[in-house]
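In what follows, a structure is listed as structure tokens, so that the remarks can point back to it.
The values are calculated or read from the model by the stated rules, or taken from the named source; none is laboratory data. Since this is a predicted model, take the numbers as computed values, not measurements. We place every Cβ from the backbone using ideal geometry, glycine too, and count neighbours over all the protein chains shown.
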């Protein structure tokens with residue numbers, strides 16, 4: 001069951017990511033990104049094979065505290081995180097600059 005607090009977490013993560021206040025890094029799992037909070041909590045946002053996205057929160061012992069999937073808000077958050085973590089906009093700009101020079 002998803003709560004209003006869970007939805008607020010997704011909204012706040014989206015806003016903080018857009019403003020550059022959260023640092024996301026790829027994990028060893030393809031299409032998964034992580035960020036740490038308070039030194040002992042990690043949020044992982046990833047995409048299953050087949051397309052739907054998930055958000056997991058785990059503690060320092062690796063225990064899953066929260067798992068949300070199948071929500072359009074998480075799909076949008078994953079896409080934003082992917083663009084930020086992989087520097088997609090910078091790569092596009094590099095390509096555009098090179099194309100302008102040829």
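Test residue 68 against the criterion of being assigned to a helix (DSSP H, G or I) and surrounded by 14 or more Cβ atoms within 10 Å (Cβ to Cβ), and give yes or no. No.
Could you identify the single residue in 94, 89 that is in contact with a helix residue (DSSP H, G or I) (Cβ under 8 Å, 6 or more places away or on another chain), outside any loop (DSSP other than H, G, I, E, B) and at pLDDT below 95? Result: 89 is the single residue among 94, 89 that is in contact with a helix residue (DSSP H, G or I) (Cβ under 8 Å, 6 or more places away or on another chain), outside any loop (DSSP other than H, G, I, E, B) and at pLDDT below 95. Of the residues screened, residue 51 is not one that is outside any loop (DSSP other than H, G, I, E, B) and either at pLDDT 95 or above or loosely packed, with under 12 Cβ neighbours inside 10 Å (or both).
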